[in-house]
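Structure, as structure tokens:
The values are calculated or read from the model by the stated rules, or taken from the named source; none is laboratory data. Since the structure is predicted, the reported quantities are computational estimates derived from the model, not experimental observations. Positions of Cβ are backbone-derived with ideal geometry, glycine not excepted, and every protein chain shown enters the neighbour counts.
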Amino acid sequence: MENNNRRDFLKKGAMLGTTLLASSALGAVATGCSDTAGKKGGEAVQKTKIRKLGTGDHSIEVSPLGLGCMGMSYHRSFIPDKKAMIALIRKAPDLGVNLFDTAEAYGPFTNQELVGEALEPFRKDVLIATKFGFKEGRPEIGLDSRPDSIRKAVENSLKSLRTDYIDLLYQHRIDPNVPIEDVAGTVKDLIAEGKVKHFGMSERDFSQTKDGIELIRKAHAIQPVTALQSEYSTMTRQPEKEVLQLCEELGIGFVPYSPLSRGLISGYINERTKYNPDNDNRPTLPRYQPDAIIKNWAIIDILKEFGDHRGLTVAQVALAWLLAKKPFIVPIPGTTKLAHLQENMWTADYGFAANELAKLTADLSGVEIVGERYTGQSAQQAEK
């Protein structure tokens, strides 16, 4: 197994931009919002530099990829130097990022505080997404989406983020003890008060039950949903069953979290990787057990084969594939490294020819993934 894909990134970086621009498979890069137009044969699939989540008054224009900030302070084994992470976040807008994703549960609160401090100097020029839905912001003690708790979470988030409004507020997980109409109604009131701009919902797991789909419809009828957030990647494709069709029907954007499967879809970690169990949920997840990683490596081999012939890294192919699926998809890969952030953002410059996209999708579909996303206790406490 080769896992040096990202290690070679800096060497190849200078060549990659030229390769992308010169490639006959490149799509047109446009300004503004437009659908991804699939073409026959070798014609390119049109790309856009701006994407839209939601519709009408309940929409926001965003960069083609956002930045997931969780791993900068939470749940990814090591905690990087805070100053380095602030510098990375502040560099992100220069690289084209305008959407930053965090949550009160990441810490709790510490990740929001990091994001708030980093973005404070140019708050009006960026979009911040955060989440509510756990008791005291702590997943380990249970769900809580009661209206009073939502309001308390928003006040805490505003303080942590050093702002007076939240651009996109997600319910982190569905609370079966609180009617979704009450949740959506509370967020609607917060929007009317100017404390929140847009409403979002984050799984677990919309695509697994008809009840999940119905909850989205009920919430959307009370307060239009701007974005759904759920895990989606070349290894996790459940949203394709019903959720993406629902988004298309209702005009809701879709934000894949873990689009690189928590680092696994990159070749950067492997079956020998060691995790800090005190600050990482991956050791509890079935797909990150050594045997499962080895069996699932076929996905990485397919992505690497495709990328090797086009000057792309494994991660870039995986992200480009997501962007090509629907024009309303905006992945939020996380990273703690500036080189990886640049690598990820360059993905938006690549446009598949329709025939090569179909071939890659078929190849990926031929791999039977070993291991569930979550199981038992990990499913009850999982955030990302």
(message) Would you confirm, using the coordinates I've provided, whether residue 124 is touching a residue at least 60 places away in the same chain (Cβ under 8 Å) and not small (Gly, Ala, Ser)?
(response) no
(message) I want to confirm something. Restricting to region 198-221 and keeping residues that are surrounded by fewer than 18 Cβ atoms within 10 Å (Cβ to Cβ) and assigned to a helix (DSSP H, G or I), which single residue is modelled with the lowest pLDDT?
(response) 208
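Yes/no per residue for (1) surrounded by fewer than 19 Cβ atoms within 10 Å (Cβ to Cβ); (2) over 21 Å from the mean Cα position of the chain (by Cα); (3) under 18 Å from residue 102 (Cα atoms):
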position	(1), (2), (3)
155	yes, yes, yes
161	no, no, yes
192	yes, yes, no
195	no, yes, yes
(request) Among the numbered conditions (1) touching a strand residue (DSSP E or B) at 6+ places or on another chain (Cβ under 8 Å); (2) surrounded by 22 or more Cβ atoms within 10 Å (Cβ to Cβ); (3) not in a helix (DSSP H, G or I), tell me where residue 106 comes up short. (result) (1)
(request) Kindly establish whether residue 181 is surrounded by fewer than 17 Cβ atoms within 10 Å (Cβ to Cβ), in a helix (DSSP H, G or I), free of Cβ contacts under 8 Å to residues at least 24 places away in the same chain and of a type in the set (Asp, Glu). (result) no
(message) Report every pair of residues separated by at least 6 positions or lying on different chains whose Cβ atoms are under 8 Å apart, first residue within region 276-293 and over 12 Å from residue 71 (Cβ atoms) and small (Gly, Ala, Ser), second at pLDDT 85 or above and surrounded by 14 or more Cβ atoms within 10 Å (Cβ to Cβ).
(response) 292/286; 292/370
(request) Answer yes or no as to whether residue 290 is closer than 30 Å to residue 140 by Cα and in contact with a helix residue (DSSP H, G or I) (Cβ under 8 Å, 6 or more places away or on another chain). (result) no
(request) Enumerate the helices (runs of 4 or more DSSP H) found wholly within region 266-355, keeping only those where 3 or more residues are under 30 Å from residue 168 (Cα atoms) and touching a Pro at 6+ places or on another chain (Cβ under 9 Å). (result) 314-325, 338-346
(message) Against the condition buried (at least 19 other Cβ atoms within 10 Å of the Cβ), without any contact (Cβ under 8 Å) to a residue 24 or more places away in the chain and either touching a Pro at 6+ places or on another chain (Cβ under 6 Å) or small (Gly, Ala, Ser) (or both), how does residue 149 come out, does it pass?
(response) yes
(message) Looking only at region 255-314, how many residues end up being more than 20 Å from the chain's Cα centre (by Cα), among the β-branched types (Val, Ile, Thr), closer than 18 Å to residue 368 by Cα and surrounded by 16 or more Cβ atoms within 10 Å (Cβ to Cβ)?
(response) 2
(message) Go through (1) on the phi < 0 side of the Ramachandran plot; (2) out of contact with any Lys or Arg (no Cβ under 7 Å at 6 or more places or on another chain) for residue 244 and report which single condition fails.
(response) (2)
(request) Return the total of residues in region 158-176 being farther than 14 Å from residue 109 by Cα and free of Cβ contacts under 8 Å to residues at least 40 places away in the same chain. (result) 4
(request) Could you tell me which of the residues 233, 266, 261 is farther than 30 Å from residue 191 by Cβ, polar (S, T, N, Q), out of contact with any helix residue (DSSP H, G or I) (no Cβ under 6 Å at 6 or more places or on another chain) and touching a residue at least 40 places away in the same chain (Cβ under 8 Å)? (result) 233
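Report yes if residue 114 is of a type in the set (A, V, I, L, M, F, W, C), over 16 Å from the mean Cα position of the chain (by Cα), within 22 Å of residue 253 (Cβ to Cβ) and modelled with pLDDT of 85 or more, otherwise no. Give the steps one after another, and end with the answer.
Numbers: of a type in the set (A, V, I, L, M, F, W, C): yes; over 16 Å from the mean Cα position of the chain (by Cα): yes; within 22 Å of residue 253 (Cβ to Cβ): no; modelled with pLDDT of 85 or more: yes.
Here the answer is no, as residue 114 does not meet what is asked.
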(request) Report whether or not residue 295 is over 29 Å from residue 201 (Cα atoms) and at pLDDT below 95. (result) no
